[in-house]
Amino acid sequence: MEKVGSSIVSGKWKNELGSVMELMENENCQITGTYLTAVTSKESSHTEETADLVGYINTDETKQTTTIAFCMAWKIEGSCSAFTGQIFQDTKDGSIKDVMKTTWILHSPVDGLHDNWEATWLDV
């Protein structure tokens, strides 16, 4: 996901699939925002849904690193997602861009315990 704007965390982020996330950080390193997915769900042909998100950032000034974790609940499918990762500065092409790299996990509801094996998706 690549940052659009100048703040390290607050602002608009867009990924290579067209999903857009807007984040706002507060003085306690908490983040809130929205995530508009452009990815088609596995349960339906619905391609756009917005979810509220909550999470935290952790900035280490000595290493000049920022890690991030956030989650959201999707109303259409009843699933939940959690993301965790780090924000990097990419200096390609002579410009500086903030880039977020995350691992995410999605758990969708299933009919029963015997179907739990198919409920979780993970992307590294």
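The values are calculated or read from the model by the stated rules, or taken from the named source; none is laboratory data. As the structure is a computational prediction, the values presented were derived from the model and not from experiment. Here Cβ is always computed from backbone atoms with ideal geometry, including for glycine, and neighbour counts include all displayed protein chains.
What to note about this one:
- Residue satisfying all of: in the range 55-96; hydrophobic (A, V, I, L, M, F, W, C) and modelled with pLDDT under 90; nearest to Asp111 (Cα to Cα) among these: Ile76
- Selection within the range 97-122 - surrounded by 10 or more Cβ atoms within 10 Å (Cβ to Cβ) and either more than 18 Å from Ser81 (Cα to Cα) or within 14 Å of the chain's Cα centre (by Cα) (or both): Lys97, Asp98, Val99, Met100, Lys101, Thr102, Thr103, Trp104, Ile105, Leu106, Asp115
- Lys3 vs. criteria assigned to a strand (DSSP E or B) and at pLDDT below 95: yes
- Selection status of Thr62, of a type outside the set (Asp, Glu) and either under 18 Å from Glu22 (Cα atoms) or not in a loop (DSSP other than H, G, I, E, B) (or both): no
- Between Thr103, Thr50, Thr120, the distinction of being of a type in the set (Ser, Thr, Tyr) and farther than 19 Å from Met1 by Cβ belongs to Thr120 only.
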